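The structure appears right after this line, and notes come after that.
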Amino acid sequence: MTMALPVSKLWTMISILAGLLMTLAGSAGLFVNSTYAKETVNWATQGRGPDMVNLFLVAQILFISTCFVIKGSLRAFLVWLGTLVYLIYSYALYAFFIHFGSWFLAYVAILGLSFYAFIGSVLSLD
């Protein structure tokens, strides 16, 4: 189902930037041991689990749905919005509950970018 959605390219580009940062942060969480060095074993495990989901599932959903949103798909738009809500929730947890470390600014950037992409695209709807 395609239709002319009033989604600005600005919001889709912001979401792509958030997805790229999420890919970098998720890769660091999984493959760089110092990412969760200040955390307890429990918190480190709770950080690596979402990193795996974000890297191998959410990033692909975000990128694919963004491509279809650009083409005007209503279904992809709803999936894209849901993915942005997930990113807002997930990276709010990263930003506020993980100890300050080398990826803190990336967590805050992903949180902000996904929030602004969500709000901007929702406010542009009729």
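Just for the stretch 116-126: of the residues that are touching a residue at least 60 places away in the same chain (Cβ under 8 Å) and out of contact with any helix residue (DSSP H, G or I) (no Cβ under 7 Å at 6 or more places or on another chain), which one is surrounded by the fewest Cβ atoms within 10 Å (Cβ to Cβ)?
Checked the stretch 116-126; the qualifying residue surrounded by the fewest Cβ atoms within 10 Å (Cβ to Cβ) is D126.
What tally of residues in the stretch 5-48 results from selecting those that are among the hydroxyl-bearing types (S, T, Y), assigned to a helix (DSSP H, G or I) and open to solvent by less than 70 Å² (accessible area, probe 1.4 Å)?
6
What do you reckon, is V58 open to solvent by less than 60 Å² (accessible area, probe 1.4 Å), more than 14 Å from W11 (Cα to Cα), of a type outside the set (G, A, S) and in a helix (DSSP H, G or I)?
The answer is yes for V58.
I'm trying to understand the selection: among the residues of the stretch 98-115, which are over 19 Å from A37 (Cβ atoms) and surrounded by 17 or more Cβ atoms within 10 Å (Cβ to Cβ)?
Matches in the stretch 98-115: A109, I110, L111, L113, S114, F115.
Report the residue count in the stretch 87-110 for those that are within 19 Å of R48 (Cβ to Cβ) and in a helix (DSSP H, G or I).
Number satisfying all stated conditions: 14.
Among all residue pairs at least 6 apart or on different chains, which show Cβ distances below 7 Å where the first residue, located in the stretch 63-82, is in a helix (DSSP H, G or I) and the second is among the aromatic types (F, W, Y)?
S65/W80; T66/W80; V69/F77; V69/W80; A76/F68; L81/F118
Take the conditions in contact with a Leu (Cβ under 7 Å, 6 or more places away or on another chain) and either aliphatic (A, V, I, L, M) or at pLDDT 95 or above (or both) and apply them to T83. Does it pass?
yes
Here are the criteria: (1) of a type outside the set (S, T, N, Q); (2) in contact (Cβ under 8 Å) with a residue 24 or more places away in the chain; (3) surrounded by 14 or more Cβ atoms within 10 Å (Cβ to Cβ). Tell me which single one A95 does not satisfy.
Every condition holds for A95 apart from (2).
Could you check how many residues of the stretch 68-83 are exposed (fewer than 14 other Cβ atoms within 10 Å of the Cβ) and within 19 Å of F115 (Cα to Cα)?
Number satisfying all stated conditions: 2.
Of all residues being more than 29 Å from S34 (Cβ to Cβ) and β-branched (V, I, T) in the stretch 55-97, which is farthest from the chain's Cα centre (by Cα)? Just the residue, please.
The qualifying residue farthest from the chain's Cα centre (by Cα) is I70.
The values are calculated or read from the model by the stated rules, or taken from the named source; none is laboratory data. From a predicted model like this one, the values you see are computed outputs, not experimental measurements. No Cβ is skipped: glycine too gets one built from the backbone with ideal geometry, and neighbour counts run over all protein chains shown. For the accessible areas, the whole protein counts, side chains as well, though only heavy atoms, and no ligand, DNA or RNA atoms are used. Shrake-Rupley method; radii C 1.70, N 1.55, O 1.52, S 1.80 Å.
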